[in-house]
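The values are calculated or read from the model by the stated rules, or taken from the named source; none is laboratory data. The structure displayed is predicted, hence computed values, not measured ones. Cβ placement follows ideal geometry from the backbone for every residue including glycine, while neighbour counts extend to all protein chains displayed. To get the accessible areas, we keep the full protein, side chains included, count just its heavy atoms, and leave off ligands, DNA and RNA. Shrake-Rupley method; radii C 1.70, N 1.55, O 1.52, S 1.80 Å.
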Amino acid sequence: MRKPYGMNLNYAKAGAAMDDEAIHETITYIATFIFAWVKNADWITFDFGADMQKVTRKK
């Protein structure tokens with residue numbers, strides 16, 4: 001049985017210069033890549049300073 005694992009990615013400094021569309025695009029690309037390569041990753045939290053979003057494998 002595999003344990004659910006996740007990771008926190010901090011983009012606080014970069015997030016200040018990014019608009020909502022750029023943040024959404026970054027989350028989509030990076031989460032897709034991580035979930036494809038890391039089979040036991042179940043969640044990723046993206047911290048863009050004022051905006052923090054958690055993505056799960058199911059989502």
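When the Cα atoms of the chain are enclosed in a convex hull and the volume is divided per residue, what value in Å³ results?
70 Å³
Using a 1.4 Å probe on the protein heavy atoms, what percent of the accessible area of the range 1-52 belongs to carbon and sulfur? Accessible surface attributable to carbon and sulfur in the range 1-52 totals 61 percent. A 1.4 Å probe run over the protein chains yields, for the chain, 77 Å² of accessible area per residue, whole-number rounding. Taking Cα atoms only, the orientation of helix 20-37 departs from the longest principal axis of the chain by about 20 degrees. Only beta bridges with both residues in the chain are counted; by DSSP, about 45 percent of them are antiparallel.
Take every Cα pair under 8 Å in the range 11-59 that's 6+ residues apart, average their separations, divide by the length, and report that relative contact order as a whole percent.
Relative contact order for the range 11-59 comes out at 41 percent.
Select from Met52, Ala22, Trp37 the residue farthest towards the positive end of the dipole of the chain; place +1 on Cβ of Lys and Arg, -1 on Cβ of Asp and Glu, and compute about the Cα centre. Most positive-ward Cα: Trp37.
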